[in-house]
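What follows is a set of notes on a single structure, which appears directly below.
The values are calculated or read from the model by the stated rules, or taken from the named source; none is laboratory data. The structure displayed is predicted, hence computed values, not measured ones. Cβ placement follows ideal geometry from the backbone for every residue including glycine, while neighbour counts extend to all protein chains displayed.
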Amino acid sequence: MTASPARQTDAAPLVTIEGGASFVQNPGDASLLQAALRAGLGLPYECSSGGCGSCRIQVLAGEVETLWPDAPGLSARDRRKGLQLACQTRACGDVTIKVGLDRACAPRVTPQVTTLELAATRDLTRDIREFSFRAPGPADFIPGQYAILRTGDGLRRCYSMSNLPNAEGIWEFQIKRVPGGAVSNALFDMAPGATLDLDGPYGLAYLVEDSTRPVVLIAGGSGLAPMISLARAIGADPSRRLDFFYGGRTAADICGETHLVDLPGFGDSLLYHPVVSTLEDPLSAGWQGLSGFVHEVVGRQMGESLREAEIYFAGPPPMAEALQRMLMLDLKVPFEQIHYDRFF
Amino acid sequence: MTVAVATEFHMVCDLDEVWEGEVAEFEVAGHDVLIVHRAGGEVVALQALCPHQDISLAEGGFENGVLTCRAHLWQFDSATGAGLNPTDCRLARYPLRVVDGKVQISVEGVVPFRVGA
């Protein structure tokens, strides 16, 4: 709890949480959520982008602006009750809010805003490109976490890191080009030497360091990056069984193996299972490997052993929802062993 | 001298408003309460908000006596409020009575459960 929160400017609004802590929304804070987390408070959240609804708050006093009034993270009930999303709300002056804090959501690495310079890129598939950026200070995060990248026009998108934390300041991402997507296209148009701002790290689906359970990593499409980062962290221990599933639409969308082959135990304790969902597509011609929806393949291949595993996943919402249902409802895997951030 | 203190019961709804096999959320004396009308006729009052992130369980599923939160699929036994997955949490249960077709509960001393609080 902060006794006297630091204001970077005199005009920076003070935000008081009813019955407890307070924090300052400084100019670098895009929303109340970023400000609270930077102050070390456990304000519940997942996606930081208006979709999941985890960061719902009630504004009790003071004036705020809403960045995205129609954000899908608020249900009809939430709106009836006057709730707002901390990630889509900015204070216009001092405000008082009501929210239940959760110690587990307090950042273990304090998020910071830093400027990145693009160092190199390489294409992994027809629409996924790896970006390597360099920051002036160390790249500090926990494998599995994401950062918010800011491009021009105040646009912000969350992308997970694919490398490991490092003193050299290298931030690596694997980004899928979304047709018509303003931020992904702006990133794909960047040339080495160009700069952008990063705010991070964020996210709670990070490596459980003290676990010795076997690990199952499941990625679909753009969910590749955080699973690669986790594989790099866990795969360094060849005595630990690790199964890595990657689901792509066609055979041409399969990637990830080149990032794993040099890890200890590859092909032995560390197994890579690519899965293609659309065999009838011409781009899948000649595919002899696993096929179907990745969650179904995971269920078939791993079965009951999933109940003993530490499971991490990231990918498109339909994949994430199907996995949640299979793990929680069908297999009754203890919730504590399932790690994901809900994005929509 | 002893004084018998009667527990105060608050009117929630007509029993007709929550059909058997259904749940509904009400605000009672500052508490968000879920009225569960279980198959077989038993009526139970539980905290309405999931102890994980305060999502209303009225927005989730209710099948075979099990309440499922829509957000992370946390599950609770609607008879007792006990957590099924995860098991280290529960829903607070409110004393309930049905008088002349009216559902009434007491909120005295009942504190909703919340993880990480």
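Below is a table of values for the structure above.
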{"read-out": "Residue in the range A:294-312 that is more than 14 Å from every other protein chain (Cβ to nearest Cβ), more than 28 Å from A:SER48 (Cβ to Cβ) and touching a Ser or Thr at 6+ places or on another chain (Cβ under 9 Å) present", "value": "yes"}
{"read-out": "Breaking point among (1) modelled with pLDDT of 95 or more; (2) in a loop (DSSP other than H, G, I, E, B); (3) over 24 Å from A:ARG156 (Cα atoms), for A:THR96", "value": "(2)"}
{"read-out": "Extreme residue, farthest from the other protein chains (Cβ to nearest Cβ), among residues of the range B:87-105 that are assigned to a loop (DSSP other than H, G, I, E, B) and within 25 Å of B:ALA39 (Cβ to Cβ)", "value": "B:ASP100"}
{"read-out": "Complete set of residues in the range B:41-55 that are among the β-branched types (Val, Ile, Thr) and within 13 Å of another protein chain (Cβ to nearest Cβ)", "value": "B:ILE55"}
{"read-out": "Every residue from the range B:106-117 that is surrounded by 14 or more Cβ atoms within 10 Å (Cβ to Cβ), within 14 Å of chain A (Cβ to nearest Cβ) and among the β-branched types (Val, Ile, Thr)", "value": "B:VAL115"}
{"read-out": "Which numbered condition A:ALA322 fails, given (1) in contact (Cβ under 8 Å) with a residue 24 or more places away in the chain; (2) away from chain B (no Cβ under 14 Å); (3) surrounded by fewer than 20 Cβ atoms within 10 Å (Cβ to Cβ); (4) not β-branched (Val, Ile, Thr)", "value": "(2)"}
{"read-out": "Only one of A:ASP237, A:ASP268, A:ASP341, A:ASP253 that is of a type in the set (D, E, K, R), within 14 Å of another protein chain (Cβ to nearest Cβ) and either crowded, with 18+ Cβ neighbours inside 10 Å or closer than 17 Å to A:VAL215 by Cβ (or both)", "value": "A:ASP341"}
{"read-out": "Residues satisfying the stated conditions in the range A:73-114, i.e. farther than 22 Å from A:TYR202 by Cβ, touching a residue at least 60 places away in the same chain (Cβ under 8 Å) and among the small types (Gly, Ala, Ser)", "value": "A:GLY93"}
{"read-out": "Condition met for A:CYS87 (buried (at least 20 other Cβ atoms within 10 Å of the Cβ) and under 21 Å from the mean Cα position of the chain (by Cα))", "value": "yes"}
{"read-out": "Residue in the range B:35-52 that is of a type in the set (A, V, I, L, M), without any contact (Cβ under 8 Å) to a residue 24 or more places away in the chain and either more than 23 Å from B:VAL111 (Cα to Cα) or in a strand (DSSP E or B) (or both) present", "value": "no"}
{"read-out": "Positions within the range A:102-125 being touching a Pro at 6+ places or on another chain (Cβ under 9 Å), within 14 Å of chain B (Cβ to nearest Cβ) and either surrounded by fewer than 20 Cβ atoms within 10 Å (Cβ to Cβ) or in a strand (DSSP E or B) (or both), in sequence order", "value": "A:ALA104, A:CYS105"}
{"read-out": "From the options B:ALA24, B:ALA58, residue that is within 14 Å of chain A (Cβ to nearest Cβ), over 23 Å from B:ALA117 (Cα atoms), in contact with a Leu (Cβ under 8 Å, 6 or more places away or on another chain) and not in a loop (DSSP other than H, G, I, E, B)", "value": "B:ALA24"}
{"read-out": "Selection count where residues are surrounded by fewer than 21 Cβ atoms within 10 Å (Cβ to Cβ), in contact (Cβ under 8 Å) with a residue 40 or more places away in the chain and over 18 Å from the mean Cα position of the chain (by Cα), scope the range A:20-59", "value": "5"}
{"read-out": "Options B:GLU63, B:GLU17: the member that is of a type outside the set (Gly, Ala, Ser), farther than 21 Å from B:ALA117 by Cβ and within 14 Å of chain A (Cβ to nearest Cβ)", "value": "B:GLU63"}
{"read-out": "Positions within the range A:178-208 being in a loop (DSSP other than H, G, I, E, B) and without any contact (Cβ under 8 Å) to a residue 60 or more places away in the chain, in sequence order", "value": "A:VAL178, A:PRO179, A:GLY180, A:GLY181, A:ASP189"}
